[in-house]
1. Rounded, prolate or oblate: pick one for the stretch 213-392, where a ≥ b ≥ c are the square roots of the eigenvalues of its C-alpha gyration tensor, a/c under 1.5 means rounded, and failing that, prolate if a/b is larger than b/c, else oblate.
2. Given contacts defined as C-alpha pairs under 8 Å and at least six residues apart, what's the relative contact order of the stretch 94-206, whole-number percent?
3. At most 16 other Cβ atoms within 10 Å and a DSSP loop assignment: could you name the GluC sites (Glu not before Pro) in the stretch 280-323 that fit?
4. Within the stretch 326-359, which trypsin sites (Lys or Arg not before Pro) sit in a loop by DSSP and count at most 14 neighbouring Cβ atoms inside 10 Å?
5. Go through 244-255, 103-114, 278-289 and give me the packing order, highest mean Cβ count within 10 Å leading.
6. In what sequence, highest mean first, do 130-138, 147-155 appear when ranked by Cβ atoms within 10 angstrom?
7. Compute the relative contact order of the stretch 213-392 as a whole-number percentage, counting only Cα pairs closer than 8 Å that sit 6 or more residues apart in sequence.
Amino acid sequence: MWVGFIRVTRTARALAALGLLGGACTAAHHDCYESRRCPETAADDGGSNGEHDPGNAGSAGQVDLEPGTADGAGAAGWRETSANTTTPAGPPRVLSVTPSDGAIGVAQDTRIVIAFSRAMDTAATELAYESDDLPATSLRFSWDERGTTLTLSPRTPLEYAAGPAGAAGAAASPAFPALVYHYGFDARAADELGHSLASVHFTFSTLRRASLELLAESERTGNWTSGEGEGIHNCLRTPKAGYEPTVCIGDDINNVRYSGLLSFDLSALPHTISQFTSARLLASALVHGAPDQLGASQLEHVAYGELGEAALTSRPISPPSQLFVAANLIDRAQLALNLDVAGAVADDFVNRASRGERSQYRLAFAKVWANDHWDDVELPTSAIRLALGYLVP
């Protein structure tokens, strides 16, 4: 009798643990009949508030089930694995890639991140990697602790396609194509359980490195003086016959101070520029007299509308920089200006709507030298240009 009683009691406890005795599996636990994952009741968890206790004798030997198989009680869709873990059935999949498949405008320092649906056989997956554009030897492979995320770090920066933007096609996008990278994995890639990954392949394209030269705007590039308006002789936008439009910086025979004003129209640039890699203000110049006596020379980043008094007195956007080296200002010397204005151009591009799609500059010496002689540096307007390098998708 005692033996039989003990067996019945053990059976009852087993059934109660599965929720099949005394209504332990209620309507609220309907799904447990399919999954065999009934929430534990107060009767069998000893008041543990439904939290699973790995040390509870009633849960010893618990196994999880994986989708894709059926257990003995008809629970389809789960396969037995190690305790307290579940692994989806079927072959592994790539859940996501970064950059996304087909992405454009990828930066050269980008790392490729691939997320898999389950822990992978890392060695097999690395061997399965394939790419003619980005071979395995050019990459560093690293995995997260779970073996589900692979990061590919290029050993050297990715390459950019490069070419001239061309004035005609610059506003929309440079005409030359971007460089496309292809990569993927063949069927040798597998998860830790040996399930093969279906062959997959992805692409992305890097930024394009474009270059463009902008000529100075004739209507907004010239001079303004402290007493003669625009100036005299060749220091005019429309000088008399025999003179070439010239930007004059210094003073004239009447001891009038001249400041040069340069304007460039940025509307030809595509609005998709992600970064300016360079911006150089280029010009040729001829020295007259002794402008080294005029004090420090400076280049100021400004914003103005029309050429006039307002342009002469407009507040600089940023601190001025040196324009000329005094030792080079020898009478009749020919100079070549090559000034870095990348910061100014980038700022103008960001604020192009409020600045009329222009990048503008003021060039001047600190004072005049009252010697009744021309002491200036003269820049032919036709040779003034803004050489730009930038990146676009």
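1. Working: a/c = 1.86, a/b = 1.68, b/c = 1.11.
The shape class here is prolate.
2. On the way: 221 pairs, mean separation 38.5, N = 113.
Contact order relative to length: 34 percent.
3. Details: sites: E300, E306, E309; in loops: E306.
Hits after loop and neighbour filter: E306.
4. On the way: sites: R332, R352, R355, R358; in loops: R332, R352, R355.
Here the trypsin sites (Lys or Arg not before Pro) that fit, given the DSSP loop and packing criteria, are R332.
5. On the way: 244-255: 21.3, 103-114: 16.6, 278-289: 18.7.
My ranking of the peptides, most packed first, is 244-255, 278-289, 103-114.
6. Values: 130-138: 13.4, 147-155: 16.3.
Averaged packing, sorted descending, gives the order 147-155, 130-138.
7. Details: 453 pairs, mean separation 69.7, N = 180.
Dividing the mean separation by the residue count of the stretch 213-392 yields 39 percent.
Any read-out appearing in this document is the output of simple, stated calculations on the displayed coordinates, not a laboratory observation. Only a predicted model underlies this, so the values are computations on that prediction, with no experimental measurement involved. Note that each Cβ is placed from the backbone with ideal geometry, even for glycine, and that neighbours are counted across all protein chains shown.
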